[in-house]
Amino acid sequence: MALKWGICGSGRICQSFVNALQSSPTEEHKVEAVAARSEENARQFADKNKIGKAYGGYQNLAKDADVDVVYVGIVNSEHLSACELMLNNGKHVLCEKPMGLTKGQVKRITDLAKEKNLFCMEAICGRFSPAYSKIRELISTEKIGEVKVVFANYGLSLMHKERILKNELGGGAILDLGIYPIQFALMVFGGKLLFPYQQKVFLQKLVLMILALVVDVMSRPTQLEVTTDGDGKTKVLDFPVAKEAPGIMEGFLRYEADAVKECIKAGKLESPLMSVSDSLVIASIMDKARHDVGYQLEYERANMVMPCQ
C-alpha cells in the first residue's frame, strides 16, 4: 500500500523530492496534495506534476484526511510553525534540513511528535546512501583501522557562472570566475578531529597509516575508494542510484523516502539512521558555531551575550 504524501512548498527541493517519489513504483509512494504560500503557485506545481489537490496556505494540507505524511520543504525560518501545524493535525513529518533554526526549535518539534505519537525526521538524505552504509560498516569492523581524523568539505564550483565586473582603472570589464565560499570549522569529538578540507573525505590513522575513503560529492556519493588496514590494498566500490530516478539527487531522495515509509510501516517514531538525538546534536553544533562568531537571530539579540563580545 502506497504511503500518501503531502508536499509543503513548491520550490526546487520540493520539485526534486516529488520527482523522486514519482520515479518509485506506484505502490510505494503517492503524492496526494501540495500546498504553497499562494494558491496560484500550488496549482502550477500540481498541474506540472499531475498532483490532484493544490492548496493556498498550509492549513488545508494539514487537515487533508488523505495525507499520511508531509514533506516540509519551505524556507528555513518557517519550519517550526509548519512542522507544528502538521503534527498537531496528526500528520507524520519529514522536514528538510535544518529542522529548526536552533536546538530549542528542534526540541519543540521533536517533543511534540513524541507527544502525538507521530514519526518525525530531519531530511538529511545522505544518511540513507548505500555508500555511507558501507562506510559505517568499514568503521565499525575496523577493517580500515581506527579512525583518528576526518577531513571533509562541501563546495560548489561557480565556473559556469560568469560575473562581469567593471574595471575601474581601465573602464573595461573583467571576467570573475571563482569557487563558492566555504566556511571552515574545527570540531573535536571524543578526542578525534573533524576538519572541513577539500571536496573529498579522508580518514587517517594516527600512525600515518592512511586509508582513503574518497567521495567526489560528499553528500551524494556513488563511489568509494577504500584502502584497508594491514595489506594497504585499495578497492573502488560503486554504488549506482536507482535507474528509474531522473538524477543522482532524486536517487538519494528516494532512499530517504523509502526509509520513511519503512519506519512508519513498522510503527517507529524516528529513524535509527537519522534519529532525534542526531538532529539535536547537529542543532547544538550549529548554535555554538553561530554564537562563537557573534551571529544572533533576531529574537536572541535582546537576551543573549555572545562569547566574542
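The values are calculated or read from the model by the stated rules, or taken from the named source; none is laboratory data. Worth saying up front: this structure is predicted, and the values here are computed from it rather than measured. Here Cβ is always computed from backbone atoms with ideal geometry, including for glycine, and neighbour counts include all displayed protein chains.
Before moving on, here are some points about what is shown:
- Subset of the range 246-275 (residues that are touching a residue at least 40 places away in the same chain (Cβ under 8 Å), surrounded by fewer than 19 Cβ atoms within 10 Å (Cβ to Cβ) and farther than 27 Å from residue 87 by Cβ): 246, 247
- Any hit, the range 104-124, residues being more than 22 Å from residue 21 (Cβ to Cβ), outside the structural domain of residue 64 (by TED's automatic domain parsing) and not hydrophobic (A, V, I, L, M, F, W, C): no
- Matching residues, the range 1-28, being part of a strand (DSSP E or B) and surrounded by fewer than 24 Cβ atoms within 10 Å (Cβ to Cβ): 3, 4
- Meets criteria (modelled with pLDDT of 90 or more and not hydroxyl-bearing (Ser, Thr, Tyr)) for residue 236: no
- Residue 224 vs. criteria within 25 Å of residue 139 (Cα to Cα), modelled with pLDDT of 80 or more, crowded, with 16+ Cβ neighbours inside 10 Å and over 17 Å from the mean Cα position of the chain (by Cα): yes
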